[in-house]
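Data block below; observations after.
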Amino acid sequence: RLQGTSWSMFAKSSAGVVQASAFQMPCQLPLPATCSLPDKVQPAAGGSGGERCPEVDWIKAVGILTVIFIHALPTVFSGVQLSLVDEWIGQVTHFAVPGFLACSGFLFAGSSASRSWGTVWPRLKRIMLPYLVFSALAWCYCHAWEAFGRRGDATPFFWKLLLFSTMGHYYYVLLIAFFVLVTPLVSRIPRRLFPCAVIAAMALQIAMELQFIPLAPLFWHVRNPMRGLGPFLLGWWASLNHESILRQVSGWRRHVWMLLLFALTLGSWIGLAVIDMFSQLRLCVGWVGIYATLGLLLMATVGRHRTPQLVHWLSAASYPLYLSHVFFMTPILAAWPQVPGTFDPLRLMVAWASGLVGSVALVMLCRRALGARLARTWIG
């Protein structure tokens with residue numbers, strides 16, 4: 001289930017051949033998640049020194065809960081027919097990953113160190129070390145499943161590591177690394193030209209999703225950073241215009257914006273339920289819903305003075321939660337067969353809860369055993 005990409009488009013395109021070995025249960029689950037950023041990030045433009053941005057914490061916290069929920073949904077790779085409800089839920093929750101990308105752009109734009117190439121390696125290390133640790137665990141985990149009769153993957157570990165495919169959703173780590181690498185270049189775009197760069201990136205993304213640009217094979221399509229450049233630059237632009245956004249939510253304006261964005265979000269959800277699954281219009285409506293949902297979260301939380309501790313914790317732990325949650329939900333999904341064409345909310349919620357509780361417990365245990373700083377280095 002790709003963010004903003006209808007599987008039906010791949011079903012209708014010879015370029016979209018599903019590579020089963022790349023998305024195989026339990027070792028592979030399709031869908032990325034979030035990223036982790038340094039603790040000491042300069043405040044975004046317009047922010048007050050040393051304060052966290054509540055909108056970023058909220059979007060990341062809601063996003064990681066949503067990503068775990070999406071991974072609990074049945075997928076086309078299981079070979080089981082999806083219910084219409086499952087398919088619809090998968091579409092309306094597509095805002096999560098673009099939200100993580102937008103948060104990354106927002107925070108990188110607010111850091112005075114982003115122009116320096118010297119910050120690239122420390123940021124990459126913060127991403128890659130946890131990836132290497134969890135990739136090694138994933139390799140062992142997948143081989144352990146072979147003892148239960150699950151078909152294994154003969155791809156050498158080195159190649160799986162290099163292609164970010166030790167677990168299906170780890171392909172997103174490649175996207176995170178790419179945006180870290182290009183951050184010094186993005187920071188050099190003249191501010192007056194930045195809106196043009198945002199529009200161009202979003203137009204390129206939509207052109208790819210609507211197949212005006214031919215689709216690459218699915219394995220490479222999900223690893224194409226151009227699909228995430230639009231949300232990343234949009235978040236960067238929001239950071240540059242943080243003061244203007246704060247003025248827009250003063251007094252009664254916040255309620256007006258929230259009402260408009262809620263209506264747009266609700267309208268897109270209805271559209272996704274009634275528009276033909278194979279139409280390009282449905283993809284357009286889906287992306288309207290993605291940006292409307294993110295806008296609604298932004299307008300509801302920007303400028304707030306306090307962020308609940310739980311929201312802050314989920315935001316700070318979003319990267320290790322992303323890397324580890326599949327380990328805990330896979331046994332539930334494997335032991336609880338999905339009835340073809342049937343929506344099973346109990347199975348969905350139990351799998352979601354197991355992935356969330358298990359990954360949260362792992363992060364807490366590692367922080368207690370290793371200490372906050374060492375755990376941050378090795379698991380994120």
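Quick notes on this structure:
- Under 5 Å, built H, 5+ apart or other chain: amide partners of residue 342: 83
- The helix-only estimate of mean residue ellipticity at 222 nm for the chain, built from DSSP H runs of length n ≥ 4 each weighted as -39500 (n - 2.57), is -20500 deg cm²/dmol after division by the residue total.
- Highest-MSF residue in the chain out of 263, 201, 216 [GNM, Cα springs under 10 Å]: 263
- √(5λ) per eigenvalue of the Cα gyration tensor, the range 102-150, largest first, Å: 36, 12, 5
- At least 18 Å along the helix axis (C-alpha) and Kyte average at least 1.0, DSSP helices within the chain: 54-72, 96-109, 171-186, 194-209, 253-274, 280-301, 318-335, 345-370
- Divide the volume of the convex hull around the Cα atoms of the range 184-305 by the residue count and you get 134 Å³ per residue.
- Among 115, 368, 192, residue whose mean-square fluctuation peaks in a GNM of the chain (springs only between Cα atoms under 10 Å): 192
- Given a 1.4 Å probe and the protein chains as shown, residue 276 ends up with an accessible area of around 90 Å².
- For the chain, the convex hull spanned by the alpha carbon atoms encloses 137 Å³ per residue.
The values are calculated or read from the model by the stated rules, or taken from the named source; none is laboratory data. In this text the structure is predicted, and so the values were computed from the model without any measurement. The accessibility values were calculated without ligands, DNA or RNA, using every heavy atom of the protein model including side chains. Shrake-Rupley method; radii C 1.70, N 1.55, O 1.52, S 1.80 Å.
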